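Readers should treat all values here as calculations from the given coordinates under stated rules, not as data from a laboratory. No experiment lies behind these values; they were computed from the predicted model shown. Neighbour counts are summed over all protein chains in view; Cβ atoms, including those assigned to glycine, are modelled from backbone coordinates with ideal geometry.
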Amino acid sequence: MFQEPGVCFYCCCQCSTTLAFTNHLVSKDIVKEAAILTDVQNVTAAGPYQIDRNNLVADVTCNGCNSLLGWKYVRVPKKNYAVQPRRFLLQLNKLLMWDGKNMLYADTRMVTFHQIPNARFFLCRQCNTHIALNEDFMIRIPDIMINAGIFEEAVNVDVAGKAHYRMQCTDTVADVNCSGCRKLLGWKYIEVPKEETIFLKTGTFLLHLNMLLKWNGTNMQCADYTWTC
């Protein structure tokens, strides 16, 4: 595969073997720091099989240098729009990415979700930076003055440092800004002395829904117009 303008693809960072077009990217797993792709070439997927979160997976190695890149999903008892059988999870720190102009380290790119059927996620209303998966949406706060939801995880956001922590009632919080446009989206709970519910707890995010859009699998909507997720 040639490094032509407009042609974007991933390759092995060890030997530069071409692995996949970027349009094969389904999602990025921020916990595993990996990319989930529908199709990968020039690799070998072989046993012995392993178990990851109840999923049966096979190691994937580069055919060019035999480097371990990640794994292929063989059996997935509980599928979602990203994790499905025959898809690949490749570690971003093992990849380079040709973006049509330059060769970049793949793990420096912001997390992106693809607008495909059955995919549901939230975006910044200001700049369309992807913020959270629908499965990370925990509950909508029943207060029209706050107009916010609680999220278990958020991506592509900057959390204020310790010097900027502040009190919100009895909770310690830090402001959360979009990494794309710096828009204030809400806050992260740093410390919750009294965890009164399973939703309001340390580490979760409160994001204002009027600052977000939502891709519902078919259309883009204003997140605050969507009462159920």
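Would you mind counting up the charge near R120? Only other residues with Cβ under 10 Å from its Cβ, with Lys and Arg at +1 and Asp and Glu at -1. With Lys, Arg at +1 and Asp, Glu at -1, the net is 0.
State the extension gain, in nm to one decimal, for the chain segment bounded by D175 and A163, taking 0.36 nm per residue of separation less the distance between their alpha-carbons.
3.2 nm
In summary, the lysines within cross-link reach of K214, defined as a Cα separation below 17 angstrom excluding same-chain residues under 8 places away, comprise K183. In the elastic network of the chain, a GNM with C-alpha springs shorter than 10 Å, the most mobile of N156, N102, N216 is N102. A Förster distance of 25 Å, applied to the separation of the beta-carbon atoms of N219 and M145, puts the FRET efficiency at 0.35. Among the trypsin sites (Lys or Arg not before Pro) found in segment 121-229, those both in a DSSP coil and sparsely packed, with 12 or fewer other Cβ atoms within 10 Å of their Cβ, are R182, K194.
Note on K194: lysines with a C-alpha under 28 Å away, same-chain residues under 8 apart excluded, are K162.
Of the cross-linked pairs K28/K201; K28/K78; K28/K72, those separated by over 21 Å at the C-alpha level are K28/K201. Nearest 0.05, what FRET efficiency do Y49 and N102 give at R0 = 45 Å with Cβ-Cβ as r? Step by step, r from the Cβ atoms, then E = 0.75.
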